[in-house]
Amino acid sequence: MEDVNLILESVKFMVLGMAVVFSFLIILIIVVNLQAKIIAKFFPEKAPAAPEKTADTDEAHHVAAIIAAVTEFRKNK
Amino acid sequence: MKLIKHLLLTLLFASFALTSSVQASGQVAPSAPTEEVKKEYEPKSITQLMGSFWETTGINAIVDLNDGERTSSPKGSNYEHEMNWFESSLGRIIMILIVFILFYLAIAKKFEPLLLIPIAFGGLLANIPLAGMGGEGGMLGIIYNMGIANEFFPLLIFMGVGAMTDFGPLLANPKTAILGGAAQFGIFGALVGAVAIGFSLQDASAISIIGGADGPTSIFIASRLAPELLGAIAVAAYSYMALVPVIQPPIMKLLTTEDERKIVMKTGRKVHRLEKLFFPIVVLMLAILVLPESAPLIGAFTFGNFAKESGVVDRLSNEMQNSLINIVTIFLGLGVGSMLAADKFLVLETLGIMIIGLLAFSTGTAAGVLMAKLMNKFSKDPINPLIGAAGVSAVPMSARVVSKVGSEAKPGNILLMHAMGPNVAGVIGSAVAAGVLLSIFK
């Protein structure tokens, strides 16, 4: 008798738990999608693009060339 | 047993000072009624010395079945009781063998060695007779009271895990978060199962969290809802996490067709840095609004992640990811190991926990895969059902398993990043599920 009650109780836990987990994640998905749209609108892809450029500029090449030259020079010394 | 130790010391000193004259009433036990009284040196014969030393050896403690040895509990002597014959002899030996098996699994099979080694060694220490290491004043007991009884260590671990987690794949494809939710069916399915085989609702809730495949969460919940089952729950959670590559693939293959496994998914879009930065805050806000009970877990997790994504406190986030999590892992392992003492671990419940844990894990995997199949029917971009299996957390192991099974079906099909989405959502999902269970028993 009591056994049956407990199982029913745990099934209720399951319904509650899964409902909360799913609604939490669904709200999360909605908010995240919304956030992505807002960010895309007000902060268009700039931040990630910028550092990539600097890494590839002539300056970086120059620096690399200088470093290579210096190490070569030191080796020969 | 402290008493015996004291006495032994006194006796040793006495033996140096005096020659062996058989004189005093050499009975050991009754001569020291109170502990505080300074004991006088009593002359002892060498045979008496030998005899009383024998009393304090581990061999005697194991062989003598009725020596009145007491169990040790970090909560203090009120919770200790005299061991029965099984706990003081055979049980210990069985536990030490189990510990050796855990060592083997950790070292030879590489099953979560970072946790199994400290846990198993803690178990070894906890089963040393007479030393009382798991007691209130023992090393393991101190560690247990320091951070496990009050649920502190799991939170620190969660902080480190947060600092290690990259939510990029989830943000690139947010709807895969649903899969991380579906896998939590494992938790609640196991809850029903555990109640069905006779656990109380509270114990069953603590056990079922194993289905979340999240070690820290399991320990967190167990130490609050069912501290006496903690050892078995932690060992089950970590063993099954280690067994992910063995348990999951058959279930995944059973529930999907060859064609479904071959589905190639579109590569995710590029995620803006700000999205990653705001994400932990968004999660925390939601947790505050919906389920404050999950705040300790989610709070620690999002703090770690926020520190990482902020990009300006690399020192702190590196600390959380490395030294801090390592230190806490050592303590957590040893503290959990103290629950592997024979009197706590070798009970019928442990067997039940192992079975329910496996059930929880399998149900979670199956639910994730089935949900992914369902989503694939309705989604415009194809979804490979395999990634549903990554919804049980076990980061990043289950995502790797998904990727492996995927590339077996179709070489070159890399599902890893797609699987990471449900994988990290699973961490959030199981923290939420844990919060629900806690709120029920508040």
(request) Would you mention how many residues in the stretch B:291-318 are within 10 Å of chain A (Cβ to nearest Cβ) and either in a loop (DSSP other than H, G, I, E, B) or surrounded by fewer than 20 Cβ atoms within 10 Å (Cβ to Cβ) (or both)? (result) 1
(request) At least 1 residues that are aromatic (Phe, Trp, Tyr) in each: list the helices (runs of 4 or more DSSP H) lying fully within the stretch B:52-120 that qualify. (result) B:85-88, B:90-107
(message) Go through the stretch B:385-437 and report how many residues are within 24 Å of B:Gly304 (Cβ to Cβ) and within 14 Å of chain A (Cβ to nearest Cβ).
(response) 20
(request) Please identify the pairs in which a residue from the stretch B:270-290 that is more than 7 Å from chain A (Cβ to nearest Cβ) has its Cβ atom under 9 Å from the Cβ atom of a residue that is assigned to a helix (DSSP H, G or I) and surrounded by fewer than 16 Cβ atoms within 10 Å (Cβ to Cβ), counting only partners at least 6 apart or on another chain. (result) B:Leu277/B:Ser310; B:Leu284/B:Ala295; B:Ala287/B:Ala295; B:Ile288/B:Ala295; B:Leu289/A:Ile27
(message) Need the failing condition index for B:Ile187 against (1) surrounded by fewer than 24 Cβ atoms within 10 Å (Cβ to Cβ); (2) farther than 18 Å from B:Val402 by Cβ, just the number.
(response) (1)
(request) State whether the residues of the stretch B:422-439 include one that is on the phi > 0 side of the Ramachandran plot and not aromatic (Phe, Trp, Tyr). (result) no
(message) Within the stretch B:202-286, considering only helices (runs of 4 or more DSSP H) that don't extend past its boundaries, which have at least 2 residues that are among the charged types (D, E, K, R)?
(response) B:258-261
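Considering only the stretch B:190-210, state which residues are closer than 22 Å to B:Met371 by Cα, among the small types (Gly, Ala, Ser) and surrounded by fewer than 24 Cβ atoms within 10 Å (Cβ to Cβ).
Here is the first cut: in the stretch B:190-210, the residues closer than 22 Å to B:Met371 by Cα are B:190-193, B:208-210.
Then keep just the ones that are among the small types (Gly, Ala, Ser); that gives B:190, B:193, B:208.
Answer for the stretch B:190-210, where residues must be closer than 22 Å to B:Met371 by Cα, among the small types (Gly, Ala, Ser) and surrounded by fewer than 24 Cβ atoms within 10 Å (Cβ to Cβ): just B:Gly193.
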(request) Would you mind stating whether B:Ile383 is more than 21 Å from B:Thr217 (Cβ to Cβ), modelled with pLDDT of 90 or more and part of a loop (DSSP other than H, G, I, E, B)? (result) yes
(message) Residues to consider are B:Leu374, B:Leu415; find the one that is out of contact with any His (no Cβ under 6 Å at 6 or more places or on another chain), farther than 29 Å from B:Phe199 by Cα and surrounded by 24 or more Cβ atoms within 10 Å (Cβ to Cβ).
(response) B:Leu415
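Here's the yes/no breakdown for (1) at pLDDT below 95; (2) under 22 Å from B:Arg70 (Cα atoms); (3) more than 20 Å from the chain's Cα centre (by Cα):
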{"position": "B:Lys110", "(1), (2), (3)": "yes, no, no"}
{"position": "B:Leu115", "(1), (2), (3)": "yes, no, no"}
{"position": "B:Gly123", "(1), (2), (3)": "yes, yes, no"}
{"position": "B:Leu130", "(1), (2), (3)": "yes, yes, yes"}
{"position": "B:Met133", "(1), (2), (3)": "yes, yes, no"}
{"position": "B:Asn145", "(1), (2), (3)": "yes, yes, no"}
{"position": "B:Met164", "(1), (2), (3)": "yes, no, no"}
{"position": "B:Leu170", "(1), (2), (3)": "yes, no, yes"}
{"position": "B:Gln202", "(1), (2), (3)": "yes, no, no"}
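The values are calculated or read from the model by the stated rules, or taken from the named source; none is laboratory data. Since we're looking at a predicted model, the values are computed, not measured. Because the Cβ atoms are built from the backbone with ideal geometry, glycine has one as well, and the counts that use them run over all protein chains shown.
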